[in-house]
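Some notes on the structure that comes next.
The values are calculated or read from the model by the stated rules, or taken from the named source; none is laboratory data. The structure presented is a predicted model; accordingly, all values stated were derived computationally and were not measured. Every residue, glycine among them, receives a Cβ derived from its backbone with ideal geometry; neighbour counts consider all protein chains shown. Side chains included, ligands, DNA and RNA excluded: accessible areas come from the protein's heavy atoms. Shrake-Rupley method; radii C 1.70, N 1.55, O 1.52, S 1.80 Å.
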Amino acid sequence: MLVAKKVILVGCGRLGAGLAERLSDEGCHVIIVDTDKTAFRRLPDNYSGFEITGDGTDMEILKSAEIEEVDKLIAVTGDDNTNSLIAQIARKIFSVKDVCIRVHDESKKELVSDMGISVVCPKLLAMDEFSRLISSGDKIAEE
Amino acid sequence: MKIVIAGGRDEADFLIASLLKKRHKLIVINNDKAWCEHLSSVHNIEVFFGNPSKKYILRDAEVADSDVLIALTPNDAANLAVCQYAKKQFNIKKVICTVSNPKNVDIFKQLGVDTVISATYMIAEYIEQATTIENLIKTLSIEDEKVLLNEVIVGEDYSCVGKKVMELSFPSNAIISCIIRGKNMLVPGGATVIEANDKLLVMTSPDSQKKAINAIIK
């Protein structure tokens with residue numbers, strides 16, 4: 001039998017809730033953490049994972065999310081510094097294998113990139129997409 | 001020394017005054033415009049307005065190659081970011097920060113912050129040391145609580161009265177560094193006899209504190 005992959009998600013905003021839905025659809029066992037209980041209303045009705053209300057930078061909360069047993073953690077709270085701190089706790093203290101965070105400020109990438117933490121910066125992704133759209137528009141115009 | 005003070009309200013205010021008195025060169029960064037104006041007018045220095053956890057703010061404030069950075073914002077995660085930028089990208093030798101959550105003291109040290117200060121953590125440590133023995137009058141910790149200087153006044157019923165220093169069963173890492181007897185101060189040798197009402201200054205490591213104090217009292 002296949003054991004479901006466990007993933008801790010910190011932050012239940014638009015991105016966190018969306019990821020929680022997708023990952024649990026893909027068969028992951030999701031544990032989502034947010035300081036604000038009402039944030040979990042964003043989760044769809046069919047979401048089957050766990051919800052923990054608490055501060056994701058607090059070791060006790062992370063332990064209650066079974067961080068010692070997971071090998072994936074994603075931090076997508078609205079605050080870059082918080083995501084960076086959570087990721088470093090996960091990597092350095094709990095040795096979580098795959099740690100990914102979202103940061104709005106791309107220079108925050110430099111703080112954690114040497115620790116084996118993957119960083120997603122929506123601004124850079126959007127820039128790539130926009131420039132792709134603009135240049136493909138050129139091609140259409142040329143044709 | 002060139003010192004950067006990032007964030008903080010009254011604690012920044014107090015530190016600026018004390019560091020200026022010692023003639024250090026300060027770079028002060030604060031996220032609150034009104035507080036910047038206050039600090040600037042009270043201390044007659046330039047204060048940089050901006051969020052210190054942003055790299056471009058630190059760059060514009062020209063913090064590179066400073067000797068020390070002190071992060072005092074109320075947000076622990078922001079303080080860590082400030083300290084890590086300082087170390088990794090601005091070549092600042094020593095970084096210090098305060099944290100609100102006492103659990104972050106050990107975490108931040110592991111993540112490269114040289115000195116982490118939490119008021120709650122310090123109070124807890126202090127109470128723990130102070131309650132070790134009720135007769136302990138004062139304990140002063142030196143070097144990040146690695147060394148404790150304990151002041152003990154010898155009661156008449158203490159077992160050490162009339163004994164030579166070398167007869168006490170002292171643990172290693174502990175020494176009676178000084179005896180204050182009346183108005184005189186003496187540095188004891190092994191043959192020095194302890195008298196009632198002596199004030200002993202006992203230097204110990206935290207683990208040997210209890211044993212050393214017990215050797216004097218019991």
- Item | Dimensionless Rg over Rh [region A:33-80; C-alpha; Kirkwood] | 0.95
- Can you pull the accessible area of A:Ile52 for me, 1.4 Å probe, Å² to the nearest 10? 30 Å²
- Task: For B:Ala196, enumerate residues with amide H under 5 Å from its amide H, sequence gap 5+ or separate chain, H modeled in the peptide plane.
- Result: B:Gly162
- Cα pair count fraction exceeding 17 Å, expressed as % - region A:6-142: 59 percent
- Expressed to two decimals, region B:130-217 has a Cα Rg over Rh, using the Kirkwood radius, of 0.93
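To the nearest 500 deg cm²/dmol, what mean residue ellipticity at 222 nm is calculated for chain B from DSSP H runs of n ≥ 4 alone, each contributing -39,500 (n - 2.57), summed and divided by the residues?
-9500 deg cm²/dmol
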- Message: Can you return the aspartates and glutamates within cross-link range of B:Lys109? Criterion is Cα-Cα under 19 Å, with same-chain partners fewer than 8 residues away left out.
- Response: A:Asp58, A:Glu60, A:Asp114, B:Asp67, B:Asp76, B:Glu125, B:Glu143, B:Asp144, B:Glu145
- Which percent of the accessible heavy-atom area of chain B goes to carbon and sulfur, probe 1.4 angstrom? 54 percent
- Counting sequence-distant residues (5 or more places) and residues on other chains, those with an amide H built under 5 Å from that of B:Glu62 are none
- Task: Take the Cα atoms of chain B, find their three principal axes, and give me the spread along each one in whole Å, biggest first.
- Result: 67, 35, 27
- Given H placed 1.01 Å from N in the peptide plane, which residues other than close sequence neighbours of A:Leu9 have an amide H under 5 Å from its amide H? A:Ile31, A:Ile32, A:Val33, A:Ile74
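Taking the solvent-accessible surface of protein heavy atoms with a 1.4 Å probe, what is the per residue accessible area of region A:53-103 in Å²?
36 Å²
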- Relative contact order for chain B, counting Cα pairs under 8 Å that sit 6 or more residues apart, in percent: 14 percent
- Task: With an 8 Å cut-off on Cα pairs and a minimum separation of 6 or more residues, tell me the relative contact order of region A:6-142 in percent.
- Result: 20 percent
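From the cross-link list A:Lys108/B:Lys55; A:Lys37/A:Lys109; A:Lys37/B:Lys54; A:Lys108/B:Lys2; B:Lys146/B:Lys211; B:Lys146/B:Lys210, which pairs have alpha carbons spaced over 18 Å apart?
Those over the limit are A:Lys37/A:Lys109; A:Lys37/B:Lys54; A:Lys108/B:Lys2.
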- Task: Could you pull the accessible area for B:Asp65 with a 1.4 Å probe, rounded to 10 Å²?
- Result: 90 Å²
- Message: Quick one: 3J(HN,Hα) in Hz for region A:95-112, Karplus 6.51/-1.76/1.60 with θ = phi - 60°, rounded, Gly and Pro as x.
- Response: 6, 5, 5, 9, 10, 10, 9, 9, 10, 7, 9, 5, 6, 5, 4, 5, 6, 10
- Message: How shielded is B:111-124 by partner chains, expressed as the average number of their Cβ atoms within 10 Å of its Cβ atoms?
- Response: 1
- In peptide B:75-85, how many Cβ atoms from other protein chains are near each Cβ within 10 Å, on average? 5
- Query: Treating the beta-carbon of each Lys and Arg as +1 and of each Asp and Glu as -1, no other charges, what is the dipole magnitude of chain B about its Cα centre, to the nearest 20 debye?
  - Reply: 540 debye
- Message: Using Stokes-Einstein with the Kirkwood hydrodynamic radius over Cα pairs, what translational diffusion coefficient do you get for region B:14-110 at 4 °C and a viscosity of 1.567 mPa s, in µm²/s rounded to a whole number?
- Response: 93 µm²/s
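Ratio of Rg to Rh for the protein assembly as shown, alpha carbon only, Kirkwood?
Answer for the protein assembly as shown: 1.13.
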- Task: Of the DSSP beta bridges with both residues in chain B, give the percent that are antiparallel, rounding to the nearest 5.
- Result: 55 percent
- Message: Show me, for region B:5-12, the HN-Hα J-couplings you get by feeding each phi into the Karplus relation (A = 6.51, B = -1.76, C = 1.60, θ = phi - 60°), rounded to Hz, glycine and proline as x.
- Response: 10, 10, x, x, 10, 4, 5, 5
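Mind running the shape call on region B:21-66? Use the C-alpha gyration tensor, a ≥ b ≥ c as the square roots of the eigenvalues: rounded below 1.5 for a/c, prolate if a/b tops b/c, oblate otherwise.
oblate
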- In whole Hz, with x marking every Gly and Pro, tabulate ³J(HN,Hα) for region B:115-121 from phi via Karplus 6.51 cos²θ - 1.76 cosθ + 1.60, θ = phi - 60°. 10, 10, 10, 10, 4, 4, 4
- Item | Accessible surface of B:Phe90 - all protein chains present, 1.4 Å probe, nearest 10 Å² | 20 Å²
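Could you sort B:Asp198, A:Asp71, B:Asp10 by their accessible area in this structure, using a 1.4 Å probe and putting the largest first?
Ranked from most to least accessible, the order is B:Asp10, A:Asp71, B:Asp198.
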- Item | Rounded Å value of the spacing that divides the Cα centres of region A:47-124 and region B:1-57 | 31 Å
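What percent does the relative contact order of region B:138-218 come to when contacts are Cα pairs within less than 8 Å and at least six residues apart?
Normalised by residue count, the contact order of region B:138-218 is 41 percent.
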